[in-house]
Number of protein chains: 2
Amino acid sequence: MKATVVTIGDEILIGQIVDTNSAWIGQQFNAIGVKLYEIISCGDDASQIISALDRAKSTSDIIIMTGGLGPTKDDITKKTLVDYFNTELVLNEEVWAKMKSIFEKRGLQVLEMNRSQAMIPKNSIMLPNERGTAQGMWFENEGRVFISLPGVPHEMKHLILHQVLPKLKEHFSFPHIAHATIMTSGAGESVVSHKLTDFEAQLPSHIRLAYLPNLGVVKLRLSGYGSGTDLAQEVQQQKHKMIDALGQLVYAEGEEPLEEHIGKLLTNRKHTVSCAESCTGGYLSHLFTSIAGSSAYFEGSVISYSYAIKENALGVRKETLEKHGAVSEECVTEMLQGLLLSMKTTYGIAISGIAGPGGATTDKPVGTVWIAVGNGEHCMAKRFQFFTSRAENIKVFSNAALNMLRLFMLNH
Amino acid sequence: MKATVVTIGDEILIGQIVDTNSAWIGQQFNAIGVKLYEIISCGDDASQIISALDRAKSTSDIIIMTGGLGPTKDDITKKTLVDYFNTELVLNEEVWAKMKSIFEKRGLQVLEMNRSQAMIPKNSIMLPNERGTAQGMWFENEGRVFISLPGVPHEMKHLILHQVLPKLKEHFSFPHIAHATIMTSGAGESVVSHKLTDFEAQLPSHIRLAYLPNLGVVKLRLSGYGSGTDLAQEVQQQKHKMIDALGQLVYAEGEEPLEEHIGKLLTNRKHTVSCAESCTGGYLSHLFTSIAGSSAYFEGSVISYSYAIKENALGVRKETLEKHGAVSEECVTEMLQGLLLSMKTTYGIAISGIAGPGGATTDKPVGTVWIAVGNGEHCMAKRFQFFTSRAENIKVFSNAALNMLRLFMLNH
């Protein structure tokens, strides 16, 4: 079973937007055992769309189009599909009524170009868009399924999850696949892989392991293929073996960002946290507060970029800075102590390092970072060395700090 | 003149990585007057690569491939190109010697799979990669140019800017194009467009205006097409008319993020800044500190997510919070005063709002934000209302705060 994604829009070709839809669709389809054969991005032009569809039809069973359906696109995509499938547009009264009611509620006038969005090709199945005014469309032609979706990511995703995947599962008989995902943090891909040498050696050939590393977090996904009724159970057993082999590197089963996982731990314990950030300049706090509901456990932070703020707001001693520098165990320990004193949170994190490109010394190259985590009673501090650019250093430093808090919380 | 981008790699099709290369290439090519006809992403497979190249050749003059050249890819792309262009691989002694010397310097052993990276197709021109071990390759065939580049973004970009674009300009005669870009902040695309109604009406047809909006910043690009020797001058004159029409919305000529622009202003004046952030949770400070060299002007911040920190670290009065709430003119004004007292910076920014999804009240829906900026003497506070999701609200709030500082600095 193969699929092709066709993304439609001049804005992709001129580089105004990055096409993130295709990667997301690739993940969803991969999970149900459908391989993407190709992704084609073409312009808002009938002949280009037709040419892309002809190519997709020759290689794939499922063709997913995104984009080209907005009210300002002059309906090129929809008109092209009507011609391509030799049909005509009819007004869908239900969609039209719903659209008018939404516009009225917002006190807006319904325009003729909105009405055209309620016109649906006669031989298509309408996939109702609960998040916007451009409806999804499902065509069947010569044994293939063609699906046209709006390009706005959250509308497209909602339609795929609630309309497209259920309908595809009805329409086709997909291979039997069972997945299991675990999340690890604290080691790179090569260390994780080394720890899994024996595990991988015993893994049966119908269960495959994929490494998906991203800035200090390595996601591991097992995918089992086969017809046995106990496939899901077998994959779960292998998952538990993998967890045993990795020990404390594993922080969660299933997909979960590290900041969300820590947020749940803190919420469950009714504990709180605060940060003293130097080199990460607010990014660590941003990770915490990117999670909805984080005000339940995240109290606040001091971003002490300068020596003066480290001294005045966190009480770091002048002698410490002079003798050991800001990137030192002594400095982050004092930052942490000052932070916990003023913020009065259960846990604190202090971080100071060299994100680059400037600021390096002989013994502290770019990518050096000291992190301290602790509560009122205990404290641990650790030095890390990374080898990447300023933008990435800020992110890997922050993830290392989150992971240190996670490990500290295992024992405290 | 048309081009097709072919991105090669299974990791794109399974959605492990998002292809950002194509959008960047689209921007670069668009700027020299080459239109992308299509972007095709295919897997690491000879027949798929050949099929994509055949299609690209039928529509385009220039075919740019990225990816598929790493040492772990089994050289499928290079072998496929050798077959496709009916040639053979020869060892490039210069590349091989350089590669060995780099490995020796790092104390690493050179492996056979590294040697294969020094093998270059006989009938290609090698484009030396100064950032990595996979070299670029330039083929000419049936009047078309085929270029193969590594997929690692910073290697690919360096090769495009320093090797590919100069060579393309030698090889083809491109249309004469002159560009001018300005950056605006403080109004959405529709307001900017409204202010440019008269300007657009007088714009000659050979000069086009593109709107490139992104989270509170709207980039405007004029592109002039023609053969006149004074085209560049004409575009510059139009740019100045556009600047006059937009007034203080314009913050820079040429491409420049708002945080970088403000960083330059502060550096030039030897002034400093600090932030008191609530709803943005560190993201505003992150924008400041994402700029290398920001320690020259960015002193630090207080992230006061809870009421307690607002009171204790910033001196906001309990009565203010009880009477007006945290999202109020009174609260951000007191946050700003407390911030300037403790941080002693030239300027301060205080921000408090409702990023969502929770926290809304009848008169303060999700997307409401109060921002205050000031120095020791003057202060201005303003309420904004945005209508987007938590993740985007955090970003647009932060950009609105940067823009308020910019406007404040015009007069103070």
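The values are calculated or read from the model by the stated rules, or taken from the named source; none is laboratory data. Only a predicted model underlies this, so the values are computations on that prediction, with no experimental measurement involved. Here Cβ is always computed from backbone atoms with ideal geometry, including for glycine, and neighbour counts include all displayed protein chains.
Looking only at residues of the range A:76-101 that are surrounded by fewer than 17 Cβ atoms within 10 Å (Cβ to Cβ) and of a type in the set (Val, Ile, Thr), we find that the one that is nearest to A:Thr133 (Cα to Cα) is A:Val90.
Using the structure shown, decide if B:Lys105 is among the charged types (D, E, K, R), within 11 Å of another protein chain (Cβ to nearest Cβ) and surrounded by fewer than 16 Cβ atoms within 10 Å (Cβ to Cβ). Criteria not met by B:Lys105. Taking the range B:106-136 as the range and being within 22 Å of B:Lys2 (Cβ to Cβ) and within 27 Å of the chain's Cα centre (by Cα) as the test, the residues that pass are B:Leu127, B:Gly136.
Quick one: count up the residues across the range A:347-388 that are farther than 24 Å from A:Gly263 by Cα and small (Gly, Ala, Ser).
Of the residues in the range A:347-388, 7 are farther than 24 Å from A:Gly263 by Cα and small (Gly, Ala, Ser).
Scanning the range B:152-176 for residues that are closer than 26 Å to B:Glu93 by Cβ and outside any helix (DSSP H, G or I) returns a single hit, B:Val152.
One line per residue, one yes/no per condition, for (1) within 14 Å of chain B (Cβ to nearest Cβ); (2) in contact (Cβ under 8 Å) with a residue 60 or more places away in the chain:
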residue	(1), (2)
A:Arg144	no, yes
A:Ala180	no, yes
A:Val191	no, no
A:Ala201	no, no
A:Val217	yes, yes
A:Gln236	no, no
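For the range B:326-337, the criterion of being touching a Cys at 6+ places or on another chain (Cβ under 9 Å) and of a type in the set (Ser, Thr, Tyr) is met by at least one residue.
Going through the range B:307-327 one residue at a time, which ones are at the interface with chain A (Cβ under 10 Å from one of its Cβ atoms) and surrounded by 22 or more Cβ atoms within 10 Å (Cβ to Cβ)? Of everything in the range B:307-327, those that are at the interface with chain A (Cβ under 10 Å from one of its Cβ atoms) and surrounded by 22 or more Cβ atoms within 10 Å (Cβ to Cβ) turn out to be B:Ile309, B:Lys310, B:Ala313, B:Leu314.
Counting just the residues of the range B:133-146 that are in contact with a strand residue (DSSP E or B) (Cβ under 9 Å, 6 or more places away or on another chain) and part of a strand (DSSP E or B), which one comes out farthest from B:Trp96 (Cα to Cα)? Looking at residues that are in contact with a strand residue (DSSP E or B) (Cβ under 9 Å, 6 or more places away or on another chain) and part of a strand (DSSP E or B), I get B:Arg144. Of the helices (runs of 4 or more DSSP H) entirely within the range A:50-123, those holding at least 1 residues that are within 21 Å of A:Asn21 (Cα to Cα) occupy A:76-84.
Of all residues in the range B:220-242 being among the small types (Gly, Ala, Ser), touching an Asp or Glu at 6+ places or on another chain (Cβ under 9 Å) and surrounded by 15 or more Cβ atoms within 10 Å (Cβ to Cβ), which is farthest from B:Ser205 (Cα to Cα)?
Top of the filtered list is B:Gly226.
Only one of the numbered conditions (1) more than 9 Å from every other protein chain (Cβ to nearest Cβ); (2) in contact with a helix residue (DSSP H, G or I) (Cβ under 8 Å, 6 or more places away or on another chain) is violated by B:Ala56, and that is (2). Candidates are the residues of the range A:58-73 that are among the β-branched types (Val, Ile, Thr) and within 26 Å of A:Ser116 (Cα to Cα); the one that is modelled with the lowest pLDDT is A:Thr72. Criterion applied to B:Ser304, B:Ser290 was being within 8 Å of another protein chain (Cβ to nearest Cβ) and within 25 Å of A:Gly293 (Cα to Cα), and the one residue passing it is B:Ser304.
The set of residues in the range A:54-96 being of a type in the set (Val, Ile, Thr) and under 21 Å from A:Ile160 (Cβ atoms) consists of A:Thr59, A:Ile62, A:Ile63, A:Ile64, A:Thr66, A:Thr77, A:Val95.
Closer than 30 Å to A:Arg208 by Cβ, buried (at least 16 other Cβ atoms within 10 Å of the Cβ), in contact with a strand residue (DSSP E or B) (Cβ under 8 Å, 6 or more places away or on another chain) and touching a residue at least 12 places away in the same chain (Cβ under 8 Å): does that describe A:Leu149? Against the criterion (closer than 30 Å to A:Arg208 by Cβ, buried (at least 16 other Cβ atoms within 10 Å of the Cβ), in contact with a strand residue (DSSP E or B) (Cβ under 8 Å, 6 or more places away or on another chain) and touching a residue at least 12 places away in the same chain (Cβ under 8 Å)), A:Leu149 qualifies. Of the residues making up the range B:276-287, those that are in contact with a strand residue (DSSP E or B) (Cβ under 7 Å, 6 or more places away or on another chain) and either more than 7 Å from every other protein chain (Cβ to nearest Cβ) or in a helix (DSSP H, G or I) (or both) are B:Ala276, B:Glu277, B:Ser278, B:Cys279, B:Thr280, B:Leu284, B:Ser285. Each residue in the range B:331-349 was checked for being within 13 Å of chain A (Cβ to nearest Cβ) and under 15 Å from B:Val369 (Cα atoms), and 2 of them qualify. Of the residues in the range A:307-323, not one is outside any helix (DSSP H, G or I) and aromatic (Phe, Trp, Tyr).
Out of the range B:21-36, which residues are at the interface with chain A (Cβ under 9 Å from one of its Cβ atoms), under 18 Å from B:Glu255 (Cα atoms) and either of a type in the set (Phe, Trp, Tyr) or more than 15 Å from the chain's Cα centre (by Cα) (or both)? Matches in the range B:21-36: B:Trp24, B:Phe29, B:Asn30.
Residues that are outside any strand (DSSP E or B), hydrophobic (A, V, I, L, M, F, W, C) and more than 17 Å from B:Val235 (Cα to Cα) within the range B:185-217 comprise B:Ala187, B:Val191, B:Val192, B:Leu215, listed in sequence order.
The residues on offer are B:Val18, B:Val5, and the sole one that is more than 7 Å from chain A (Cβ to nearest Cβ) and under 22 Å from the mean Cα position of the chain (by Cα) is B:Val5. When the range A:356-398 is filtered for residues that are in a helix (DSSP H, G or I) and more than 14 Å from chain B (Cβ to nearest Cβ), only A:Val396 remains.
Determine if the range B:354-372 includes at least one residue that is buried (at least 19 other Cβ atoms within 10 Å of the Cβ) and hydroxyl-bearing (Ser, Thr, Tyr). Checked the range B:354-372: at least one residue is buried (at least 19 other Cβ atoms within 10 Å of the Cβ) and hydroxyl-bearing (Ser, Thr, Tyr). Please determine whether any residue of the range B:38-52 is surrounded by fewer than 19 Cβ atoms within 10 Å (Cβ to Cβ), in contact (Cβ under 8 Å) with a residue 12 or more places away in the chain and at the interface with chain A (Cβ under 8 Å from one of its Cβ atoms). No, the range B:38-52 has no match at all.
Any residue in the range A:388-396 that is buried (at least 21 other Cβ atoms within 10 Å of the Cβ) and over 20 Å from A:Thr184 (Cβ atoms)? Scanning the range A:388-396, I find at least one residue that is buried (at least 21 other Cβ atoms within 10 Å of the Cβ) and over 20 Å from A:Thr184 (Cβ atoms), so the answer is yes.
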